[in-house]
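Please treat every number below as a calculation from the coordinates, not as lab data. In this text the structure is predicted, and so the values were computed from the model without any measurement. Counting neighbours? That spans all protein chains shown, and the Cβs are built from the backbone with ideal geometry, glycine included.
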Amino acid sequence: MPKRGQTRTAPQGLRRILAENIVRLMAESEDLRTNTALAKRSGVGRRTIDRLAAGDHGASIDTVEAVGEALGVYPWRLLIPRVAAPRATTGTVARAAVRGEPRFLGMRRPTRGVQRKAGKP
């Protein structure tokens with residue numbers, strides 16, 4: 001609990017990750033390359049976007065949600081290191097990416113038949 005007169009702050013690691021992802025996704029976007037453009041699309045103030053991109057400001061859940069939607073990613077993905085911009089826009093691949101299937105989140109699925117029981121070579 002913070003002492004009187006102090007405020008709670010997000011861990012610096014999450015602020016840094018959020019800032020890096022916002023800056024990276026803005027750079028990869030065709031129409032959201034400026035903080036002003038992101039502010040307009042997300043409905044979040046430009047000064048707030050400035051502070052988020054600099055890692056100087058903790059964000060509320062609502063702000064993370066609005067920024068994530070404006071950038072075209074699930075909001076929770078902004079808090080994961082090295083989020084890639086969505087590439088697929090149509091078809092089966094896009095639907096799988098939106099559902100968050102492991103291959104699109106940088107994880108591998110377990111391979112069937114490769115797992116061995118303990119004690120057997």
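Annotations for the structure displayed:
- Label-zone membership for the range 42-59, site TRP76, 7 angstrom Cα→C-beta point, backbone N under 20 Å: 59
- Modelled label positions at ARG24 and ARG46, each set 7 Å beyond Cα in the direction of Cβ, lie 2.7 nm from each other.
- Potential lengthening of the chain between ARG16 and ASP56 amounts to 13.5 nm, from the contour at 0.36 nm per residue minus the alpha-carbon distance.
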